1. How many residues does the stretch 162-197 hold that are without any contact (Cβ under 8 Å) to a residue 60 or more places away in the chain and in contact with a strand residue (DSSP E or B) (Cβ under 9 Å, 6 or more places away or on another chain)?
2. Could you check the stretch 68-114 and list, in sequence order, the residues that are farther than 19 Å from residue 34 by Cβ and crowded, with 24+ Cβ neighbours inside 10 Å?
3. Looking at (1) under 18 Å from residue 94 (Cα atoms); (2) part of a helix (DSSP H, G or I), which is the one condition that is false for residue 379?
4. Between 242, 215, 221, which is at positive phi and not aromatic (Phe, Trp, Tyr)?
5. Suppose the filter is of a type in the set (Phe, Trp, Tyr) and closer than 23 Å to residue 187 by Cα; does residue 289 pass it?
6. If I go through the stretch 236-295 residue by residue, how many of them are of a type in the set (Phe, Trp, Tyr) and closer than 20 Å to residue 79 by Cα?
7. Only one of (1) of a type in the set (Gly, Ala, Ser); (2) under 23 Å from residue 375 (Cβ atoms); (3) without any contact (Cβ under 8 Å) to a residue 12 or more places away in the chain fails for residue 44. Which number is that?
8. So, in the stretch 355-379, exactly how many residues are in contact (Cβ under 8 Å) with a residue 12 or more places away in the chain and under 21 Å from the mean Cα position of the chain (by Cα)?
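The values are calculated or read from the model by the stated rules, or taken from the named source; none is laboratory data. Remember, predicted model here, so these are calculated numbers, not experimental data. Neighbour counts are summed over all protein chains in view; Cβ atoms, including those assigned to glycine, are modelled from backbone coordinates with ideal geometry.
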Amino acid sequence: MPRSTADPLTKIEIGSVPRHVPLYTHTGVEDCDFSVHPFNTDDGLGLSMLRFRREPADDVVLVIHGLTTSSDMFIMPEHTNMVTFLLNSGFSDVWTLDYRMSNRHPYNRGMHRHNMDDIALYDYPAALTELRKHIGDRRVHVIAHCLGSVSFMMSLFGGAVDGIASVIANSAALTPRVPNWSRLKLTFAPTFVEFILGLPYLDPRWHTEPKLSRGWLFSKGVSLFHPECDEPACHMLSLMWGTGWPALYSHDKLREITHARSGDLYGATGLHYYRHVVEMVRAGRAVKFDRDARYNALPDDYLARAGEITTPVLLTTGGRNNVFTDSNIVCYDRLEAVAPGRHELEIFPGYGHQDVFMGRNVHRDVFPRMLDFLKRQAV
């Protein structure tokens with residue numbers, strides 16, 4: 001496994017449990033009031049948000065994860081995480097959303113047929129309704145990542161939500177683009193995995209299943225093609241997302257402990273979301289996946305009204321993004337063409353897709369730029 005800076009967390013005695021940090025721990029954020037806020041969507045799912053609050057604030061931040069991750073990517077105890085950084089920087093009321101893509105909920109562990117239109121239409125409006133019950137009409141800023149970013153931008157630009165003061169959208173937004181190998185996987189993997197292999201989902205922790213089980217054998221087979229490190233979960237994640245060795249991040253950006261608990265930070269996922277992603281990749285923009293009447297409130301083309309959306313957006317991406325390549329650079333150009341000067345772009349040199357939030361030095365390399373944008377919108 002690649003080595004990083006010395007990390008005292010690696011000295012924790014874990015006994016017989018292959019876990020360096022407790023699963024779903026909240027110990028990464030200190031000195032605040034913590035609460036859990038469950039809510040329901042109109043299509044019948046129970047979701048939740050975590051609230052981290054030090055004092056009342058005029059500006060509230062809602063943070064949204066990507067596919068296979070959860071709130072945990074923003075509250076990791078091994079580095080200065082996003083929530084702690086915001087609390088320490090004057091944004092004293094921070095919420096993290098666990099929507100239907102979260103590994104804190106069971107919905108991805110099956111052959112589901114959810115798509116990102118569902119998330120745009122049902123999850124975010126319900127989450128913001130619940131949030132508004134507690135904060136009233138105060139300004140809400142959103143920081144979103146990966147398919148959380150894509151789906152939230154769909155919800156905002158598609159008119160399902162409004163009243164958002166600003167958005168930071170990382171890695172991809174309304175113009176998803178992927179490497180050629182990823183496009184091939186997105187096209188053929190859902191059908192192959194579901195109907196040929198008979199697997200309802202992919203799981204980065206399959207290497208922990210009993211020997212000779214299907215998941216264990218699948219993980220072993222994937223690891224044969226990934227000599228870059230000795231973490232099987234990392235190998236599975238490179239298969240599940242992106243193109244590279246590794247694909248999601250640069251090893252040298254992560255603490256050793258973060259790399260070692262990849263199987264906990266990223267969960268299992270069904271493959272139907274991939275079908276929606278590849279449709280958008282082919283179209284060159286975010287488009288509706290399902291023409292069923294229940295989606296009539298959403299546009300067929302989520303960029304169609306881009307010039308009318310007045311919420312400023314900071315589009316961010318790592319300079320070595322092997323998952324969504326130059327998606328946000330292209331998106332910025334598209335938005336700049338219809339709303340000159342409204343939106344911003346920031347590229348973080350040396351970073352990839354996931355390490356923009358999970359890297360050991362993001363509190364120095366990444367978060368200050370996001371904070372600058374938030375502060376300028378909070379006036």
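1. 1
2. 68, 69, 99, 101, 103, 108
3. For residue 379, the exception is condition (2).
4. Numbers: 215 fails: at positive phi; 221 fails: at positive phi.
On inspection, the qualifying residue turns out to be 242.
5. Yes: the conditions hold for residue 289.
6. Going through the stretch 236-295, the residues of a type in the set (Phe, Trp, Tyr) turn out to be 241, 245, 249, 266, 273-274, 289, 295.
Then drop every residue that is not closer than 20 Å to residue 79 by Cα, which leaves 249, 266.
The number of residues fulfilling the criteria is 2.
7. All conditions pass for residue 44, except number (2).
8. Of the residues in the stretch 355-379, 17 are in contact (Cβ under 8 Å) with a residue 12 or more places away in the chain and under 21 Å from the mean Cα position of the chain (by Cα).
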